[in-house]
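Every number here is computed from the coordinates shown, using simple stated rules; none is lab data. These numbers were taken from a predicted model, which means no experiment stands behind them. We place every Cβ from the backbone using ideal geometry, glycine too, and count neighbours over all the protein chains shown.
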Amino acid sequence: MAKTTKTLIATALSFALFTGASSSALANNISFDTMTKDITFLASDNLKGRASFSPEIDKAADYISDRFKAIGLMPMAGESSFKQTFEITTIKPKSIAAALNGKTLDEKSLGMASTIAQINWQSTNDFKTTVIGEQDDMRQIIRQMNNDGGKHLVLVNPKHAKMFAGYSGYFARGLNKLNLDHQGAIVMLLTEETSVNSIDLKAETEIKKRELTNVVGVLPGKESKEEIVLYSAHYDHLGAGEGEGDVVYNGADDDASGTTAIMNLAEFFAKKGDNKRTLMFSAFTAEEIGGFGSRYFSQQLNPDDVVAMINIEMIGKPSKFGPGRIWMTGMERSSLGEELNKRLTGTDGEIHADPYPKQNLFYRSDNATLARLGVPAHSFSSTQLDKDQHYHKVTDDLASLDLKSMHQVIESLSISTQGLVDGSITPTRVDVSKVAGRGKIY
């Protein structure tokens, strides 16, 4: 069955279910028709998966901008439009050659993550040497190097060949950096050698600047304008593959659903018109390639002014707690979840703690950037990550969603966050000393 046919049937069926049965929706704040129209556009084949740097993601940005304008939002201070455009640096290994202790290593035994244009190491004084033996935890050692930064030569025992190949392949695809403030490198050699008597290592990287765009709209506060409540989602996805058949990674759940939510929440609060605090709605770019949209955005305002961040990530399907039910990452890191649930007392909704703690989801979306700055920043989701057969697949299209459940999630957020909007609740801040930092090299 063609995807377009499946999509139309799924949309019609969801609407029939929504209107025909007795609904357990929490409120009637959000238009089901408008929500459906928004996600249908963002998840359509015409946008070809909204890949970063693609013409199609620009079409998505235009759509979101037009929606913000129609709603009556304002651009962020200092911006002339809703589009917040910035540059990132892409770095890709161009060449690498090494001779260790007089023996030339073959290409398959070399791997490199580097933010340095050219490397010419002839002495052990040029780098720090680390040996990863048979029994060592290679993943932990590489992670620590990345956190520390600097220049590293790593001798990796062949027992780690499989993991070495994984890292090498990942590094070979290139790095994206918001800036090149830190000049560092991790060069890995797969070898039986455990010391460096002599070294001749030359490497070169290709460095380019590329442009990305967030879309940010603001609803100024009526009283406490300096206090910001941030609603966010990422609007980028994986793009499209090659060949025949279904090759478009539509990203309907990930994260057209979240982007749709922030547009519809913006429309609701703008019509309500009684927000004491300033509300900011941000559609972030480049989450899928490193979270660069949220990272740039976080530098354009004082994080101390952000009372809370409601980051909405994958709400298109019922959660394990039931249709329309939400869970949030990092529930224990601030009082936000507890405060939001007070607003849901007596309703059909509840916000649950993250049911997948081993997946480390607190760090896997745009909330992590603001959380590292102390903001009570959490992601809100309904995905059943352990059972979702569509995650990062071409089948993540409109036909895979439950639009009735998604609508209930957005309704729930419109109610639960009202205390943030009217200034009656202020959650505790995140303890930055307990939030892991971001790597310096990759």
Study note, to complete from the structure: For 395-407, 183-195, ranked highest to lowest by mean beta-carbon neighbours within 10 Å, the order is 395-407, 183-195
Check your understanding: Mind checking which lysines have their C-alpha under 18 Å from Lys276, skipping anything on the same chain fewer than 8 residues away?
Key -> Lys222, Lys225
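With charges set only on the Cβ (+1 for Lys and Arg, -1 for Asp and Glu), what does the dipole of the chain come to about its Cα centre, in debye to the nearest 20? Don't jump to the answer; show the numbers that get you there.
Values: 48 positive and 55 negative charges, 62 e Å.
In debye, rounded to 20, the chain gives about 300.
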Study note, to complete from the structure: Label model pair Ser95, Glu107: point-to-point distance (7 angstrom along the Cα→beta-carbon line) in nm is 1.2
Check your understanding: In degrees between 0 and 90, to the nearest 10, how far off the longest principal axis of the chain does helix 161-172 point, with axes built from Cα atoms?
Key -> 70
Review point. Taking the Cβ of Thr383 as the center, what net charge do the other residues with Cβ under 14 Å away carry, scoring Lys and Arg +1 and Asp and Glu -1?
Key: -3
Review point. Once both axes come from the Cα atoms, what is the angle between helix 403-416 and the longest principal axis of the chain, in degrees from 0 to 90, rounded to 10?
Key: 80
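Average projected area of the Cα convex hull of segment 89-209, in nm²? Provide the component values of the computation, followed by the final result.
On the way: hull surface 26.9 nm².
Reported value for the Cα convex hull: 6.7 nm².
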Point to revise | Residues of type lysines that Lys108 reaches as a straight line, Cα spacing below 29 Å, ignoring anything fewer than 8 places off in the same chain | key: Lys92, Lys94, Lys128, Lys151, Lys159, Lys162, Lys177, Lys202, Lys208, Lys209, Lys440
Exercise for review: Round to a whole angstrom and tell me the spacing of the C-alpha centers of segment 337-384 and segment 235-263.
Suggested key: 23
Review point. If you build a Gaussian network model of the chain, linking Cα atoms that sit under 10 Å apart, which residue out of Lys69, Lys92, Lys128 swings the most?
Key: Lys128
Check your understanding: Could you state the number of Å between the C-alpha centres of segment 158-230 and segment 288-330?
Key -> 22
Practice item. Using just the helices of the chain, give the 222 nm mean residue ellipticity in deg cm²/dmol: DSSP H runs with n ≥ 4 each add -39,500 (n - 2.57), and the total is spread over all residues, rounded to 500. Key: -8500 deg cm²/dmol
Review point. Say each of Arg438 and Asn197 gets a label point 7 Å from the Cα, pointing the same way as Cα to Cβ; how far apart are those two points in nm?
Key: 4.4
Practice item. Among Thr129, Thr278, Thr89, determine the one that fluctuates most according to a GNM of the chain built with springs between C-alpha atoms less than 10 Å apart. Key: Thr129
Practice item. Return the lysines within reach of Lys320: Cα separation strictly under 22 angstrom, same-chain partners fewer than 8 residues apart disregarded; answer none if there are no such residues. Key: Lys342, Lys358, Lys387, Lys393, Lys404
Point to revise | Karplus (6.51, -1.76, 1.60) ³J(HN,Hα), θ = phi - 60°, over segment 269-280, in Hz, Gly and Pro reported as x | key: 5, 5, 5, 5, x, 10, 6, 6, 8, 6, 9, 10
Check your understanding: Mind checking the angle between helix 3-20 and the chain's longest principal axis? C-alpha axes, 0 to 90 degrees, to the nearest 10.
Key -> 40
**Study point:** Ile310 long-range amide H proximity, modeled H, under 5 Å
**Key:** Leu230, Tyr231, Ser232
Study note, to complete from the structure: Checked against the positive end of the charge dipole of segment 89-209 (+1 on Cβ of Lys and Arg, -1 on Cβ of Asp and Glu, about the Cα centre), the farthest of Ser195, Gln135, Met145 is Met145
Revision key, fill the gap. Per the 1/(1 + (r/R0)^6) rule, R0 = 45 Å and r from the Cβ atoms of Asn179 and Arg139, FRET efficiency to 0.05 is 0.95
Practice item. Calculate the length of the line joining the C-alpha centroid of segment 137-152 to that of segment 48-68, in whole Å. Key: 36
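On full extension of the chain, what length is gained from Asn360 through Ala70, given 0.36 nm per residue of separation minus the C-alpha to C-alpha distance? Working shown, then result.
On the way: separation 290, 0.36 × 290 = 104.40 nm, distance 3.75 nm.
Using 0.36 nm per residue and subtracting the Cα-Cα distance, I get 100.6 nm.
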Study note, to complete from the structure: To the nearest 20 debye, segment 349-416 has a Cα-centred charge dipole, built from +1 on Lys and Arg Cβ and -1 on Asp and Glu Cβ, of 240
Exercise for review: Report the label-to-label distance for Glu242 and Lys272 in nanometres (one decimal), using points 7 Å from each Cα along the Cα→Cβ vector.
Suggested key: 4.9
Revision key, fill the gap. Of Gln84, Gln359, Gln135, the most mobile residue in a GNM of the chain (C-alpha springs, cutoff 10 Å) is Gln135
Review point. Got a sec to turn the phi values of segment 322-338 into Karplus ³J(HN,Hα) couplings, 6.51 cos²θ - 1.76 cosθ + 1.60 with θ = phi - 60°, whole Hz, x for Gly and Pro?
Key: x, x, x, 8, 10, 10, 10, 7, x, 3, 7, 8, 8, 8, 4, x, 4
